[in-house]
Amino acid sequence: MGSLVNLENWKLKANLENKWGCKCSYYTRKMYADTPYHSHIFICVFPELENLYQNWKEINYYVAVKYQSKVESIIEKSNFYICMFTSEKLELEKKNQIEGDSFSAKKYVFEQKYNTDEEYQQEVERKIFKIDIQAPVDTVPKLESLTLKNFRKYEGEKVIKFNDRNGRSASFVLIYAKNGMGKTSIFDGIEFALKGEVERISKLNAKEKEKMRGPIYHHRDHSNEEAYVVINLNNGELIRRKVANLPKDGNDCRIVPANLGSEITGRKDQRKIWNQLILPHDKIDSFISAKSPTDQYEEWTDSAAPLANEREDFINSYNAFKSKKNELTKLEEKKESLERELQQVMKDKLSVQRIVEIIDKYNVFPKQSRPLFFDIQKAGTLEYDELINKVQIYEREIRNTDLEELTEKIKEAKKIQFIGIEYYLEQLDIIRKIESSIKECEDKLKRKRELNNIIQSLEKQRSTNNAIKEKLMPLESINSYGYDRVKKQLDIYQELDDQEYSFNKSLKLHSEQYEEILSRYQSVSEQLNKLMESIDEEKLQEIDSNAEKIDLNKKQLSDLERKLAKAKEQIEQKERGLLEKREKLKQIENLILPENIEEIDDRIFIDIALIFGDKLQQDLYVLKDKYRVQIQEIEIYQKQIDKINQNNKTVQDICERAKRYLQSHKDEKVCPLCHTKFESWETLISAIDNINIDNTKALRRKFFFAQCELKESLNEYDSLLQTFQNRKCEQVEAAKQDILRMENDLKSCCSKKNDFIYQKNKLDQEMSDFRIWFVQQGVILDSYSLSAVKEWEKLQEEKRQNFEELRDTLQSQKDILTDSIKTIKGSINSVSQRKESLLKEPQLFSSIMFLKGKPEKYDFYKELNDLRVQDNNCSYEMEKLETQIITYNDVATDTEEKLIEDKDKQTKELEKLKNTESMSKLFTEFTEEGVKRDLNAWLQLEDSYRKQIEYLDQIQEESSARNYFEKYKNVTKQIDINKIVFESIKKETDEAKDHFQVVKGTFEKRLKDYFSQNIMNEIYQKIDPHDFMKNVDYHLSFNEKDEPQLCIVVNEQIDGEAESYRPEWYFSTAQLNTVAFSSFFGRALSTKSLAFRTIFVDDPISHFDDMNVLGFSDMIRSIIESMDCQIIMSTHDRKIYNILRRKLDDQYYSSCFIDLMKNE
């Protein structure tokens, strides 16, 4: 038993008589609603389980007839509870039958026993009325209204108010509509306003390879119009978010910042925090469909955005632990591999001994210039590598250098012996003669090149002298005229040139101005002519007349639009009413009362009450229960009669045997059966004959009366059945008449709407024709009306006056510019004539033009003298070079090409003979004896080199020796390192494992806190979806594929040792629905970090049965009584809507019930 709760609002009304084998107490409990009312609780304590089985229905019937039928308040009638306690364990099927019975009161069976009445009251208080939720201290805003414009299902602007009867923001809001009528669009709008997206739509859009095109958030018929959502809070704050404009080849799924209330919604990266309050229907479905623990982990942790860091730590710590564990396994495998490798290495040591023997043979060669040294005791891989490296170097040096050079020498020596040494001595003499001839050619070639350079210098001086003379010529000409005279004429020319440039520039400017003014003058004249044509008096009268017609059409069109909107609204209302009537007709037609009273199902009572009222339901229930009792009585009477008949037959047999006995013992006066003494034997026989065996008369009379009562009950049922059929027919006929009447009304409204549309289209066409006519007449306005046209005419008159004034001004400017241009042209002609007079002396004019190209500070005489000096210097240099050329007459006739050709020819001959000279230098003495002596020494040395190469090759071929040196120390070293690393990694693995367990525990705790496990279990137990699995728990782990998984389990105890179960293996869809709903609802109730705590739930209890719905309604009632919050939810089930409306009546609670089918 949990903590004690306050029972001051409980009141004992009566202790009922103990006629059902139980102690039964009747209590009322005052409910703390806006308008107080009472719940009615009957606590029945059964000492014997059998009494509960036999009498629970009679108690239910008694409560319904004796108490519930006398209560007038609907909400109090809906809050009757029968709580049955027993200390014994019930059969599961029987318990489900009792608690699942929907007649009269909500029933609870408690398998517990307490000592006092107060303890029983405490248990019922906790089970039904209290919920252990820590209520927030602060008061937060609530939603007051929601505005949707052209959003999803809603066309135009739709305002949905969430106010209770007092105009306050309701604590509980329930929205009802059939599927497809706009419930989900409301919740989509709320999610869009808070987050800028609807998560299920965004995920679907992201998964598509080809992006969806067209409107998604926009209403399809208004995709190019403005669409937005506005949330209005009761503290005056607004959240407004506009839907993105629809691009040509895309959709409107882009996230747009909130126009208003961005400080409430938060940044873009914070939008997932609102998932704590928003539970879309698809989220419940995805929780239910997340069958595997891996799917559950992804789905549930994705919904816990604030725990992203803990989730990442959980994954990282496991990966770190797994990584260390894998490292440890690899080190164990490596240790085994190294030990096997060490055994193999020890087999290669024989190769090392053979290398030492070969080195000793190699080192014994005389005059060994490349000795080898190798200490087997101290050697390792490095020393072995140095040895092999040195061997390879020695072998290359001997083979590629020493042996090749020696082989070449031997070849040359043998060649000399074969040809004869005298031939080679003659060749040496020819070489000396050719070298002398080559030197003579080189001297001539040098002098020839010096001569060519002097000739080139002479040509260059001549070119320079010609250039100086060209520069000097115009200066000499100016000097002959006189420099001062030419300079004076230059000044006159430049003055005339400047005047001509100034006049031309002024002429160009005036001409451009003239052209511009002429163009403007012509344009203004054309516009003035057109304007005069458009404001003709007759034409203006026609324009005014058509403008008056447009004003009249606008007025008629406005009236038609109002009538059309009203007709559409009437049609929508009548269509919804017609749909509801058809559903009710279908429900009535499908309601069938069986011919046999025994075939009545308890579920039919709810439908009868909804359609025909409580009286027929109660009459039927009373009659069925009465029939059941009568059948039981008849069965009991029949059994009693059968038993008495059997006893009578037995007594008759005993009497016959007693009479036979007394016939043979006539002296006997004592009854052999009862041992009674009689006066005589005859008296005894007479007493036996007079025994009355038939003692069933009274019982048979009761049996007969019971049969008569049963027949009366059957007749009463037939009468009730006939009443049912009659009322059903009346209801069906009335519904059909209503449907027929509503269909006729609907047709009439549609006909009116079509007439209005026809008239509107006709007026629209006339308005379009008028607009086209005005455009053709040149009257282009944003809106056409008589006042607008009059304003246009006034504007045209002002334009005409402005154009006339501008034309006159331009004409005056044009005349002034014409006179100016004529004057400038005369000045230009005068200047041109003066310039032409200078052209009569060409030589003087060229001198003037020469000086014109010079700078302002030009020194004429300095330049004249400098050029004369340069001319004299060039003449002197040319004479000097001509004198030098005479000294080279010996090579004057030779060409440089011929000299080079002779030199190259002799050089080639010398190259051919050079081999003989180099060959002679190979020998210590180039004589016949010297060649022979050197050849013998070279042959002996060649043999020695080949043997050394053979030994060096043998050393390299012992490859297994390197394997020994390479691996032995390496393997032993690796074994030692592996041991140290193994110990270190093992310690790190243990630490990583401990860290993982800590992180896992922290994540599990944070996950339980985030989903508020205590609150979640409170909600789960209130709805009570399962018979014995009463608590929900979470466990985190990883599977064999190293994927994180979340195992959700249910059990009987929170901290006990009861076995846990995976709900997805045992639970129905409705029960899984409860697990998901409890988790998210618990999290939402405990949320504290948001600007408001309104909880939005779209159709959460669609899978619940009637009893679960009653438990759910009690849970909602406990929440809104115990804390300041707001819950907005929806349902598509009319029955659920009606139950919640009765249980949370807006006359008593701060509730708001919205029926979209009635457009309330």
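The values are calculated or read from the model by the stated rules, or taken from the named source; none is laboratory data. Bear in mind the structure is a predicted one, so any value in this text is a computation, not a measurement. Positions of Cβ are generated from backbone atoms using ideal geometry, with glycine treated the same way; all protein chains shown enter the neighbour counts.
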Meets criteria (among the basic types (Lys, Arg) and without any contact (Cβ under 8 Å) to a residue 60 or more places away in the chain) for Lys581: no
Do we have any residue at all in segment 68-86 that's in contact (Cβ under 8 Å) with a residue 40 or more places away in the chain and out of contact with any helix residue (DSSP H, G or I) (no Cβ under 8 Å at 6 or more places or on another chain)? no
For segment 710-757, give me the residue count where each residue is modelled with pLDDT of 85 or more and among the basic types (Lys, Arg). 5
Report, by residue number, each residue of segment 895-938 that is in contact with a helix residue (DSSP H, G or I) (Cβ under 6 Å, 6 or more places away or on another chain) and under 30 Å from Glu459 (Cβ atoms). Glu896, Leu899, Asp902, Lys903
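One line per residue, one yes/no per condition, for (1) polar (S, T, N, Q); (2) part of a loop (DSSP other than H, G, I, E, B):
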residue: Ile1095; (1), (2): no, no
residue: Asp1099; (1), (2): no, yes
residue: Phe1104; (1), (2): no, yes
residue: Val1109; (1), (2): no, no
residue: Met1115; (1), (2): no, no
residue: Ile1119; (1), (2): no, no
residue: Ser1130; (1), (2): yes, no
residue: Lys1135; (1), (2): no, no
residue: Leu1140; (1), (2): no, no
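For (1) small (Gly, Ala, Ser); (2) touching a Ser or Thr at 6+ places or on another chain (Cβ under 9 Å); (3) within 17 Å of Leu557 (Cβ to Cβ), each residue gets a yes or a no:
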residue: Lys760; (1), (2), (3): no, no, yes
residue: Leu786; (1), (2), (3): no, no, yes
residue: Gln796; (1), (2), (3): no, yes, no
residue: Phe803; (1), (2), (3): no, yes, no
residue: Lys822; (1), (2), (3): no, no, no
residue: Asn829; (1), (2), (3): no, no, no
residue: Gln833; (1), (2), (3): no, no, no
Quick count over segment 414-454, residues being in contact (Cβ under 8 Å) with a residue 12 or more places away in the chain and of a type in the set (S, T, N, Q), is 4
Picking from Leu710, Leu746, Leu786, the residue that is under 30 Å from Gln618 (Cβ atoms), buried (at least 16 other Cβ atoms within 10 Å of the Cβ) and either in contact with a strand residue (DSSP E or B) (Cβ under 8 Å, 6 or more places away or on another chain) or among the hydrophobic types (A, V, I, L, M, F, W, C) (or both) would be Leu710
Could you tell me whether Ser787 is over 55 Å from the mean Cα position of the chain (by Cα) and of a type in the set (S, T, N, Q)? yes
Pull up segment 992-1021, narrow it to residues that are at pLDDT 80 or above and of a type in the set (A, V, I, L, M), then point me to the one that is farthest from Asn1051 (Cα to Cα). Ala992
When segment 354-397 is examined, which residues are found to be aliphatic (A, V, I, L, M) and either outside any loop (DSSP other than H, G, I, E, B) or farther than 12 Å from Gln948 by Cα (or both)? Ile355, Val356, Ile358, Ile359, Ile376, Ala379, Leu382, Leu387, Ile388, Val391, Ile393
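Conditions (1) free of Cβ contacts under 8 Å to residues at least 40 places away in the same chain; (2) not in a helix (DSSP H, G or I), marked per residue:
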position: Pro594; (1), (2): yes, yes
position: Asp601; (1), (2): yes, yes
position: Leu620; (1), (2): no, no
position: Tyr627; (1), (2): no, no
position: Glu633; (1), (2): no, no
position: Asp653; (1), (2): yes, no
Total residues in segment 970-992, condition surrounded by 16 or more Cβ atoms within 10 Å (Cβ to Cβ) and more than 25 Å from Ser337 (Cα to Cα): 1
Output for segment 713-731, where each listed residue is under 17 Å from Pro594 (Cβ atoms) and either touching a residue at least 24 places away in the same chain (Cβ under 8 Å) or touching a strand residue (DSSP E or B) at 6+ places or on another chain (Cβ under 9 Å) (or both): Ser713, Leu714, Glu716, Tyr717, Leu720, Leu721, Thr723, Phe724, Gln725, Arg727, Lys728
The lone condition Lys94 fails out of (1) outside any loop (DSSP other than H, G, I, E, B); (2) crowded, with 16+ Cβ neighbours inside 10 Å; (3) out of contact with any Leu (no Cβ under 8 Å at 6 or more places or on another chain) is (2)
Which is among the acidic types (Asp, Glu), surrounded by fewer than 12 Cβ atoms within 10 Å (Cβ to Cβ) and part of a helix (DSSP H, G or I), of Glu542, Glu589, Glu515? Glu515
Any idea which of (1) loosely packed, with under 13 Cβ neighbours inside 10 Å; (2) over 18 Å from Ile468 (Cα atoms) is the one Val891 doesn't satisfy? (1)
Report yes if some residue within segment 257-265 is closer than 16 Å to Phe151 by Cα and either in contact (Cβ under 8 Å) with a residue 40 or more places away in the chain or touching a Phe, Trp or Tyr at 6+ places or on another chain (Cβ under 7 Å) (or both); otherwise report no. yes
Would you confirm whether any residue within segment 46-57 is surrounded by 19 or more Cβ atoms within 10 Å (Cβ to Cβ), outside any helix (DSSP H, G or I), touching a residue at least 40 places away in the same chain (Cβ under 8 Å) and not acidic (Asp, Glu)? yes
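Yes/no per residue for (1) in a helix (DSSP H, G or I); (2) closer than 24 Å to Tyr423 by Cβ; (3) within 60 Å of the chain's Cα centre (by Cα); (4) modelled with pLDDT of 80 or more:
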site	(1), (2), (3), (4)
Arg946	yes, no, no, yes
Ile955	yes, no, no, no
Glu966	yes, no, yes, no
Lys973	yes, no, yes, no
Val981	yes, no, yes, yes
